[in-house]
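One structure below.
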Amino acid sequence: RWINQKFQSAGKPDKIDNVLTGFGDGLVFGSFLEALSEEKCNAKWNLKAKMRVAHVDNINLALDFAKKLGVKVKNFPQATDFIDGQERPVLGFVWACILKFMKFGDDADDSLNAKDALLMWVANKTAGYNGVKVEKFPNSFRDGLALCALIHSGRPNLMDYDSLSGGDAAIEAAFDGAEKYFQMEKYVTVEEFKKFDEISMVVYVSDYYYGMARERKKDRAARRLTKTVRFTKDMDERKAEFNQRSTKFRAHVTDVEKVLGDRSVSNTMAGAVEKLDAFADYKKKDKGELIGDHLNLESQYNGIATRLSDKNRPSFNPPEGCRLCDVETTMASLEAAEAERNVALHAELNRQRKLLKLDGQHKAKCQTLNDWIAAKEAYLSTKEDVRSVGAAQYQLTLLSSYNTESKDVQSGDVTELKKIGAELVSETYERTNEVQDREKFIDDKFVLLGQLADKKGAILDDDLKREVYRADVRVKAAGHKDRHGKISAWIDKKEAYLNTKEEIDTSTKAAIEVALLGQYNLERASYHSSHVESLKKVGAEIRAAKYESDLSSWVFETPEELDEREGDIDTRFATLDSLYSVKKPLLDDHLAREKHKDKLRIQDKSHAEMHDNLTAWYNEKEAYLKDRPPIETVAEAQLQISSYNNYEGEKEMVTATSVAQLKADGAAILADVYKTDLSEYSWEDPAGLKGREDDIDAKWGTLESLAATLKSDLDAALARELEKERLRLLWTDLAGTFLRFNSNSSSAASSSIFGYSLEEVKAFEAKMQAEDAATNAKSASQKETYDKCWADMQAIGVKENAYCSETPDTLAASSASLQSALSDRSTKYAAELARQIENDNLCKEFADLVNSFSKWLSEEKDAVSKSTASNEDQLAKVEALMNDKEKQAEKLDPIRSFEAKIEEKGIEQNPHTSLSAKDVEIQYDGFNVLLARKTEMLKELIELSKLKGVSAEEWEEFNNNFAKFDKDGSGALDQKEFKALMYSVGEEMNKAQAAETFAQFAGDDGNISRDGFLAYMVKLAGDNDSKEAVIDGFK
């Protein structure tokens, strides 16, 4: 066993099963001597020896090498002793070799103080065990407790040490434990053991040393393998977990991106709000989870990478899609998608707000139109009681004004309404059906109004025609009444004449009276045929007059008045006839007494009376033609023209009757000549007749001139009044158009939507200025038009307007109201622009704070995560960040404060950042978690790096052992001290191994320092999971 251990220590492949026969070929014997002496035997070995003689030659070469090494024995064995397995000479020679190469004194040769080293090793291993005090060989070992303590220190489960008290039982327990622990044969008995001298005990205990060293190497290899396997398994599990979490993270992001990438809109305010609420929920829940997961993944990946790097293992390369760069790309893509989603959602919300406002304007305009339509429908559905031409013309003018207003409303208000409706429809507004229904209702109502207006127009046209007809008939009726009065006056006069009984005392006077009665009779016939028949003709025309249309009919309302007047005249004429029939016989009785010459005088007198009557008629008509009653309306002008037309008719009749009769009577007087053979008589005053007739002609010429002037004046008055009506109607239309324009423009200004962002509000300024310029230009143009109309009205003498109560002052007030609305809009715009700028500055300040803090966190996170500095430097950096934690946390306070201000201002979207205070809080918390984990990991790695897998107890043992062997206190060991020290800790090494170790760990002075020694021990006993060490563990 001891020999095989030496083979193993020397790195030789040889091994024997039996000491007596194991050296029989001589080759193993020579290898044994090389292992003990650590020297090379340069003999010419027969490596293929099979014959006995060849084996003898090889054994003799080995014996010569032993003699050369200084192995001394009383009876040097023969080569055949080894071949034949002679016990005494072989064992004696082997023991001599052991004694030769296990030196315990401090001699000057290369031997080590192995005894002390072995004793120290046992003392170190058994320190603290009850009943064990290792001071020297062999006494400290005789009760067996020291050996039991050795076994228990390596394999506590092999025995119950506390139950042992020393003696044979303890020795036997040690034998059993050694056999189980490191397969040491029980080659001595308890009694033999108790008789061991110092050397025997040293050799025996060295078996424990080598056995436990061999098992310790196995344990070390097993531990290294276990750690390697555990580390590998842990790394594999961590990698798998990372890949799984990375895959899950990407799947989560993919799901979120699908939602964020959804650009569909519900076209409802509720839908827009719902999606914004969902986005806010995402920011509160999913976003935080994703940021946390992202930081956890980074932390997990960096932990894996750091541990692999610390172990000099290959770097971790996750599959594509799970790599950290893929995760970061995914997160960046998510941030971009989130920013786009945020903009899109707020754009849709603002669009819905605008649509709601437009819908409100649409409703308000519809309501205004409905009110206007209701009023106009009521107006068009009302049948006015038209009883005059003026009333009919007034109603037609109102209807014309309505038609103009209706066109203006349709081209203005309705067009603007449909413009708003078209925008709502094009934007697929959620209540498009309501918008279209409202517009259809308005369209249908305007169709109905058109129908009602057409119907009303036809009715009013009929009313006008009827009233014109009726006015004409009424003028005739008035003439009929006037003629009745004149005839009645004539009858009164003639009735008085016929009722007068003249005092006739001469024939001449009788003749005169008869002539007068005859003249009366002629006058009565003429008067009846002219005046009475004319009266009845007019009466017949009035009775026959009838207005008939599909819409109305009219006949003269009081024909009984005509009947009464005509009946009265007939009765009166019948009375005259009755009186005449009485008076005529009386006068005829006197007629014989009259003479022819008196006849003409009578005719002249009648001619003079007719002249007087015509002169009276002329005077009346002259006054009429010169009279200029005030005319202020078209109806008054038309009535005066109708009166004039009646005058013309009456003049024509008088000319054809009375004037013609006057001239016929004059001609008859001049033509009536008495002539006999002895004498001749004709009217003695023809110039008088001619004078009266010329006077009437002159008067008739005057009437012609006066009539022409009156006709011209009446035509001018009618034209003037018609122009007044046109101007009144034009003013009404212009004023209505101006008022509606101002009202609509004011309403449009007051309902202006400036925009929902600074960019939109800034862009609105140009639109507002253009609208104001266009509005003012149109207002000025309309004012110029209505000012001219008003001036024309004043120039022509319009004093009142039945169609409109507006004046330039009221229109100026309306214009001022418009300017006030435009000014108010400008003021509100300026306030909104200032608010937007203030909000934007607030958003910028917030963005600067949150972006810079987020950038700092990202940069510091990357610096911590991707650092290639030493663990100690990384830890210092991380701890500095951890110590600065509270100071950095203070940066969150202004961020939260600014966000609170933003929320207080009602700002829903920050165009300068997609980050919120909650985002950086999560980022900051994740960063601190990363720092905490990094700190813990770095401390763990540093501690592991310091100990390198060596326990604290072992570390203390190494230091204590070094101090014991550094007897001169120099802080360094030479090779001899180092080999002894290594033996004391259970690590025996030959010269070559010692030299190799010194070459690697010794200083420039050729000695190994405490640090060098500890570094070697760490390499020897610590974590060495290099490829070579792992492979060596399987050997």
Exercise for the section: Please list 416-422, 732-738, 834-840 highest first by mean number of surrounding beta-carbon atoms within 10 Å per residue. Expected result: 732-738, 416-422, 834-840
Exercise for the section: In nm, give the distance between the simple-model label positions of A880 and A54, each being 7 Å from the Cα along the Cα-to-Cβ direction. Expected result: 7.5
Handout entry: Top positive-direction residue, dipole computed over the chain with Cβ charges, set Q769, P314, L150
Key = L150
Problem - Calculated from backbone phi, Karplus (6.51, -1.76, 1.60) coupling profile of the range 677-693 in Hz, x at Gly/Pro - result: 5, 9, 8, 9, 9, 9, 4, 7, 10, x, 5, x, 4, 5, x, 5, 5
Practice task
Give the peptides 32-39, 675-682, 474-481 in descending order of average Cβ contacts within 10 Å, highest first.
Solution key: 32-39, 474-481, 675-682
Practice task
Just subtract the alpha-carbon distance of E502 and K799 from 0.36 nm times their residue separation and send over the number in nm, one decimal.
Solution key: 100.5 nm
Handout entry: Environment charge at H912 (Cβ cut-off 11 Å; Lys +1, Arg +1, Asp -1, Glu -1)
Key = -2
Practice task
Please state the charge dipole magnitude for the chain, taken about the Cα centre, from unit charges on C-beta atoms (+1 on K and R, -1 on D and E), reported in debye and rounded to the nearest 20.
Solution key: 5100
Exercise for the section: Report the local net charge at M793: Lys and Arg +1, Asp and Glu -1, summed over other residues whose C-beta lies under 14 Å from its C-beta. Expected result: -3
Exercise for the section: Subtracting the Cα-Cα distance from 0.36 nm times the residue separation, let me have the gained length for K74 to D677 in nm, one decimal. Expected result: 192.7 nm
Handout entry: Positive-end residue of N613, Y674, G736, charge dipole of the range 587-743 with Cβ unit charges
Key = G736
Completion exercise
Rounded to the nearest 10, the angle in degrees between the Cα long axis of helix 87-101 and the longest principal axis of the Cα atoms of the chain comes to 60
Practice task
Report the label-to-label distance for K194 and A766 in nanometres (one decimal), using points 7 Å from each Cα along the Cα→Cβ vector.
Solution key: 11.8
Handout entry: Label assignment, Cα extents along the principal axes in Å derived from the structure, set (1) 245, 55, 47; (2) 118, 76, 54; (3) 110, 78, 70
Key = (1)
Problem - Three-way shape call for the range 2-101 based on the alpha-carbon gyration tensor, with the a/c threshold at 1.5 - result: rounded
Completion exercise
At R0 = 35 Å the Cβ-Cβ FRET efficiency linking T247 and N851, nearest 0.05, sits at 0.70
Exercise for the section: Give me the angle, in degrees from 0 to 90, between the Cα long axis of helix 559-591 and the longest principal axis of the Cα atoms of the chain, rounded to the nearest 10. Expected result: 10
Fill in the blank from the handout: The ratio Rg/Rh over the Cα atoms of the range 560-703, Rh being the Kirkwood inverse mean 1/r radius, stands at 1.11
Practice task
Calculate, for K788 and A339, the FRET efficiency according to 1/(1 + (r/R0)^6) with r their C-beta to C-beta distance and R0 56 Å; round to the nearest 0.05.
Solution key: 0.40
Handout entry: Per-pair calculated FRET efficiency, R0 = 56 Å: E434 and K901 via Cβ, rounded to 0.05
Key = 0.90
Practice task
Name the lysines eligible as straight-distance cross-link partners of K440: C-alpha to C-alpha under 26 Å, and not fewer than 8 places from it in the same chain.
Solution key: K354, K357, K363, K365, K376, K407, K418, K419, K455, K456
Practice task
In nm, give the distance between the simple-model label positions of E650 and E838, each being 7 Å from the Cα along the Cα-to-Cβ direction.
Solution key: 8.5
Problem - Helix 991-1001 axis, angle to the chain major axis (alpha carbon atoms, nearest 10°) - result: 30
Problem - Lys/Arg +1, Asp/Glu -1 at C-beta; the chain dipole; positive extreme among Y1016, T432, Y924 - result: Y1016
Problem - Alpha-carbon centroids, the range 504-524 and the range 42-87: separation in whole Å - result: 219
Completion exercise
Scalar couplings 3J(HN,Hα) for the range 799-812 by Karplus 6.51 cos²θ - 1.76 cosθ + 1.60 (θ = phi - 60°), nearest whole Hz, x for Gly and Pro, are 9, 8, 9, 6, 8, 7, 9, 6, 10, x, 5, 5, 5, 4
Problem - Under Karplus coefficients 6.51, -1.76 and 1.60, residue-wise ³J(HN,Hα) of the range 411-421 in Hz, glycine/proline x - result: 6, x, 4, 5, 4, 5, 4, 6, 5, 5, x
Completion exercise
The answer for W554, listing residues at least 5 apart or on another chain whose modeled amide H is closer than 5 Å to its amide H, is Y547, E548
Exercise for the section: Any aspartates and glutamates with Cα under 12 Å of the K866 Cα? List them, leaving off those in the same chain fewer than 8 positions away. Expected result: E298
Fill in the blank from the handout: Summing -39500 (n - 2.57) over every DSSP H run of at least 4 in the chain, dividing by its residue total and rounding to the nearest 500, the 222 nm mean residue ellipticity is -26000 deg cm²/dmol
Handout entry: Length gained when the stretch D685-D697 is fully extended (0.36 nm per residue, less Cα-Cα span)
Key = 2.4 nm
Handout entry: Distance between the range 756-775 and the range 372-434 - C-alpha centres, whole angstrom
Key = 32
Exercise for the section: Taking a cut-off of 20 Å between Cα atoms, list the lysines near K509, but don't count ones fewer than 8 places away on the same chain. Expected result: K494, K501, K583, K584, K595, K597, K599, K605
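FYI, it's all coordinate maths here, none of it is from the lab. Here the structure is a predicted model, which is why all the values come from computation and not from measurement. Please note: Cβ atoms are built from the backbone with ideal geometry, for glycine as well, and neighbour counts cover all protein chains shown.
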